[in-house]
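Working notes, beginning with the structure itself.
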Amino acid sequence: MYIECYQGLNDKRYYVPVFVLSNRLELVFKINFLVDTGASTTILGWNEVPYGTLETNLREDRMYTAMGGSFKTFILPECSLFFYANTGIHNLAVGDLGLSNYLTVDGRLCPAVASVLGIDVLNKFDISFSDDLERLFLTQNDSH
């Protein structure tokens, strides 16, 4: 089983389309996650989720500091990720996911950033690159 990642139109970074399901909130939406092996945690960008999600009563999670400033994340509970794979849909239960706030800690609008698929999820896959196809692949890692 492998999942193919695609280069962005305006950059050389790789993205993977994923459906996110929050069981408790009964929400499903599609995210194009940036594949980021340097990110420790998978985070959903506030600008990529349905607006009503930001209006729900989500518990606060951690605070992160990035180039746009410091921001809090909220917990999107009981999540599963559904990937398009060469063998069909691949379902991965991941538990709670962080959702970035649209405001920085000092009250400014947080810059719109890509949702990031971090190493907490990526470590469940082997990552390979095809030079001839210029494609990145996530392959099922049987050791996890």
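The values are calculated or read from the model by the stated rules, or taken from the named source; none is laboratory data. Small disclaimer: the values here were computed from a predicted structure and weren't measured. All Cβ positions, glycine included, derive from the backbone under ideal geometry; neighbour counts span all protein chains shown.
Taking segment 27-51 as the range and being over 8 Å from the mean Cα position of the chain (by Cα), among the hydroxyl-bearing types (Ser, Thr, Tyr) and closer than 11 Å to residue 115 by Cα as the test, only 41 passes. Given (1) surrounded by fewer than 19 Cβ atoms within 10 Å (Cβ to Cβ); (2) of a type outside the set (Phe, Trp, Tyr); (3) modelled with pLDDT of 95 or more, identify the lone condition not met by residue 123. So residue 123 meets the others, but not (3). With a requirement of 3 or more residues that are at pLDDT below 90 and of a type in the set (Ser, Thr, Tyr), none of the strands (runs of 3 or more DSSP E) lying completely within segment 1-102 satisfies it. Is there any pair linking a residue in segment 121-142 that is over 25 Å from residue 95 (Cβ atoms) to one that is charged (D, E, K, R) and surrounded by 12 or more Cβ atoms within 10 Å (Cβ to Cβ), with Cβ under 6 Å and at least six apart or on different chains, and which? From segment 121-142, the pairs are 135/4.
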